[in-house]
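Colleague: Following this message is one structure expressed as structure tokens.
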Amino acid sequence: MSHDAIIKVNEAIAKDALVDKDKAAAMRAEAEKDPETFWAGVAARLDWSKPFTKVKDVSFDASDLHIRWFYDGELNACVNCLDRHLPEKANDVAIIWESDDPGVDKKITYAEAFEETCRMANVLKARGVKKGDRVVIYMPMIPEAAYAMLACARIGAVHSVVFGGFSPDALASRIEDCGASAVITADEGVRGGKTVPLKANVDKALEKAPDVRAVLVVERTRADIPMKAGRDLYWYAEARDDVSPECPAEAVNAEDTLFILYTSGSTGKPKGVLHTTGGYLAYAAYTYEMVFDYKPGEIYWCTADVGWVTGHSYIVYGPLANGATTLIFEGVPTYPDASRFWRVIEKHKVNIFYTAPTALRALMREGDDWVKKADRSSLRLLGSVGEPINPEAWMWYYEVVGDSKHPIVDTWWQTETGGILISPLPGATDLKPGSATQPLPGVFPAIVDANGNFLEGACEGNLVITDSWPGQMRTVYGDHQRFIDTYFKTYPGMYFTGDGVRRDADGYYWITGRVDDVINVSGHRMGTAEVEAAIDEHPLVVESAVVGFPHDVKGQGIYAYVTLHATDEPSEALEKEIVETVRQEIGPIAKPDHIHFTPGLPKTRSGKIMRRILRKIAENEFGALGDTSTLADPGVVDALIEGRKNR
Ligand code: PRX
């Protein structure tokens with residue numbers, strides 16, 4: 001099948017789907033005509049301890065920016081994910097845990113998840129955590145990570161999950177920024193047969209962030225680790241059994257904070273994206289059901305990590321709010337071998353599978369046999385998230401993994417959006433490989449040129465959203481001005497996504513990637529400024545500039561131009577040291593693929609680095625450098641090109 005094929009909605013799938021073409025059209029029309037009624041209907045899927053009477057209070061005007069949804073209502077997110085399913089689903093499986101070791105797994109019912117969560121909530125309370133307090137969660141992919149999030153929600157505390165691959169320094173800066181008083185972690189994580197020293201990392205981080213009073217340590221490997229008396233507490237050995245298996249849930253206002261999640265921007269340090277309870281949960285629940293066409297009893301697996309927003313919305317909150325069975329996978333796609341994903345699908349009879357293009361590209365390289373030798377007959381829907389999926393990877397996913405039978409939902413969204421905004425609906429949307437297709441009902445994207453003029457019809461430009469949706473972030477924690485400046489100043493009156501996009505003649509959206517200084521490496525979002533700051537920590541580095549470049553597996557790789565003190569000589573050893581510095585400052589995911597030592601960077605006379613030129617050179621596109629006449633020293637460019645050719 002060619003890459004510009006259109007794959008029409010399968011009639012049999014449409015017949016069983018929650019939403020077919022007619023229903024989707026009706027929903028779109030309703031959301032356009034009367035958004036408040038539409039969204040009130042969406043939020044009615046939640047249990048409210050005090051029903052809301054106000055639906056929406058939003059202004060995207062930078063001088064009066066505010067976003068509130070369902071704002072006189074009260075609810076509890078944990079109750080919506082667990083308690084309310086108990087009457088009918090106490091013995092249904094809430095979580096399937098597949099450990100790193102293919103021989104070890106576990107099934108956890110809703111009743112069990114409820115009890116574990118209540119116990120953890122009681123332990124937090126006993127350690128002085130109260131409503132509004134921040135709790136950092138630094139965990140491997142084990143069920144206790146979900147309990148930790150839900151336990152915070154249960155008592156009205158705010159969780160901030162930090163990806164277990166981040167370094168102690170990166171962890172410390174997040175703990176400090178959100179002012180966390182407690183940390184939940186594990187002794188060690190296990191990934192691909194290797195251990196990750198999570199508790200040791202926490203100990204190092206807390207040297208820099210001494211305000212943390214309590215560290216709850218879940219025993220994963222039972223490694224011998226130092227515990228600090230009065231501060232550290234083992235979950236199983238010391239805490240869990242000492243508290244009640246029941247814990248009353250704190251009803252919170254819809255606009256009370258549910259969580260903070262740090263994400264990279266084009267400038268400065270990572271920002272704490274803040275999501276509130278009512279709108280976020282309603283949106284995660286609604287989009288989960290719509291996009292994955294979820295039906296009771298089905299087994300759903302999202303391969304993301306809970307340290308990213310995908311793990312929040314589509315491993316924990318979205319699925320559990322729908323009473324689904326969600327699979328939590330601790331390992332990696334290639335351990336013990338490249339058949340792991342497909343073996344897990346076979347073993348647990350997974351119906352809906354949601355992963356990232358980078359994983360697909362890596363597995364595609366290993367050949368089709370790894371896929372074909374596993375029984376994938378349980379599958380009925382495939383999903384993609386995190387970065388643009390190239391048509392080749394899309395076709396491989398469709399033809400090899402899905403045997404050309406199952407729709408692929410390519411879901412476009414962001415940490416900031418809380419949930420999916422642009423995606424096919426499996427029973428309603430004809431598919432085009434590589435396109436996220438169309439906005440969900442109630443979502444209003446538009447494309448603007450550099451001056452903010454709306455572009456109509458088939459066009460290419462910058463992606464904005466013209467009106468709010470309930471899952472939208474509310475602020476940057478501790479820095480509301482940064483929220484306004486980052487998202488609402490570029491194009492006044494609109495939310496600017498930072499993404500470029502093309503719209504074709506059928507109105508289909510094709511995300512082209514970031515248009516700002518954010519890069520997307522293996523679906524991990526990174527600010528070039530952040531990586532530069534890490535590189536600059538090396539004592540011999542004077543200056544650096546980081547850009548993304550196309551990478552076959554990672555989507556984008558990290559290319560770093562580095563200037564040393566005049567007296568220092570580039571060397572392989574120095575290159576390794578610089579890479580190590582980045583690993584320590586941020587974590588392994590930020591390690592540059594290339595270090596290009598250069599005596600100078602292309603700067604304008606006012607001292608601004610011309611990144612456009614650096615991007616082109618990193619891409620090996622020397623003919624398309626554009627105007628270089630404004631450079632202070634145009635000779636730098638030739639030297640850079642020479643250096644690139646010699647690599
Ligand atoms: O550039 C877009 C890309 O990932 C960015 C958001 O990254 P993050 O906040 O880490 O959230 C990732 C998981 C939702 C976006 O600005 N992106 C995400 N999904 C897609 C995508 N690009 C193209 N197609 C997608 N489906």
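The values are calculated or read from the model by the stated rules, or taken from the named source; none is laboratory data. Just so we're clear, the structure is a prediction, and the values are computed from it rather than from any experiment. All Cβ positions, glycine included, derive from the backbone under ideal geometry; neighbour counts span all protein chains shown.
Colleague: I need the strands (runs of 3 or more DSSP E) fully contained in the range 190-293, keeping only those with at least 2 residues that are away from the ligand (no atom under 16 Å from the Cβ).
Modeller: 194-196, 214-218, 232-234, 257-263
Colleague: Let me ask something else. What's the number of the only condition in (1) within 30 Å of residue 340 (Cα to Cα); (2) surrounded by fewer than 16 Cβ atoms within 10 Å (Cβ to Cβ) that residue 228 fails to meet?
Modeller: Exception for residue 228: condition (1).
Colleague: If I go through the range 49-74 residue by residue, how many of them are more than 16 Å from residue 278 (Cα to Cα) and either acidic (Asp, Glu) or touching a Lys or Arg at 6+ places or on another chain (Cβ under 7 Å) (or both)?
Modeller: Qualifying residue count for the region: 3.
Colleague: May I ask you to say which residue of 162, 183, 217, 202 is surrounded by 20 or more Cβ atoms within 10 Å (Cβ to Cβ) and either in contact with an Asp or Glu (Cβ under 8 Å, 6 or more places away or on another chain) or at pLDDT below 95 (or both)?
Modeller: 217
Colleague: Restricting the range 246-269 to residues that are surrounded by fewer than 21 Cβ atoms within 10 Å (Cβ to Cβ) and more than 26 Å from residue 116 (Cα to Cα), which is farthest from the chain's Cα centre (by Cα)?
Modeller: Filtering first and then ranking leaves 255.
Colleague: Tally up the residues in the range 93-110 that are outside any strand (DSSP E or B) and surrounded by fewer than 16 Cβ atoms within 10 Å (Cβ to Cβ), please.
Modeller: Going through the range 93-110 one residue at a time, the tally reaches 3.
Colleague: Surrounded by 15 or more Cβ atoms within 10 Å (Cβ to Cβ), touching a helix residue (DSSP H, G or I) at 6+ places or on another chain (Cβ under 9 Å) and either over 30 Å from residue 202 (Cα atoms) or among the charged types (D, E, K, R) (or both): does that describe residue 581?
Modeller: no
Colleague: In addition: Would you point out which residue out of 68, 45, 28 is part of a strand (DSSP E or B), assigned by the TED database to the domain that holds residue 486 and surrounded by 13 or more Cβ atoms within 10 Å (Cβ to Cβ)?
Modeller: 68
Colleague: Checking residue 640 against (1) closer than 20 Å to residue 549 by Cα; (2) without any contact (Cβ under 8 Å) to a residue 40 or more places away in the chain, only one condition comes out false. Which one?
Modeller: Condition not satisfied by residue 640: (2).
Colleague: Against the condition closer than 21 Å to residue 63 by Cα, out of contact with any Leu (no Cβ under 8 Å at 6 or more places or on another chain), surrounded by 17 or more Cβ atoms within 10 Å (Cβ to Cβ) and modelled with pLDDT of 95 or more, how does residue 473 come out, does it pass?
Modeller: Taking the combined requirement at face value, the residue does not satisfy it.
Colleague: Which one is nearest to residue 318 (Cα to Cα), of the residues in the range 129-184 that are under 16 Å from the mean Cα position of the chain (by Cα), of a type in the set (Val, Ile, Thr) and in a strand (DSSP E or B)?
Modeller: 161
Colleague: For the range 512-527, how many residues meet the condition of being hydrophobic (A, V, I, L, M, F, W, C) and within 8 Å of residue 548 (Cβ to Cβ)?
Modeller: 2
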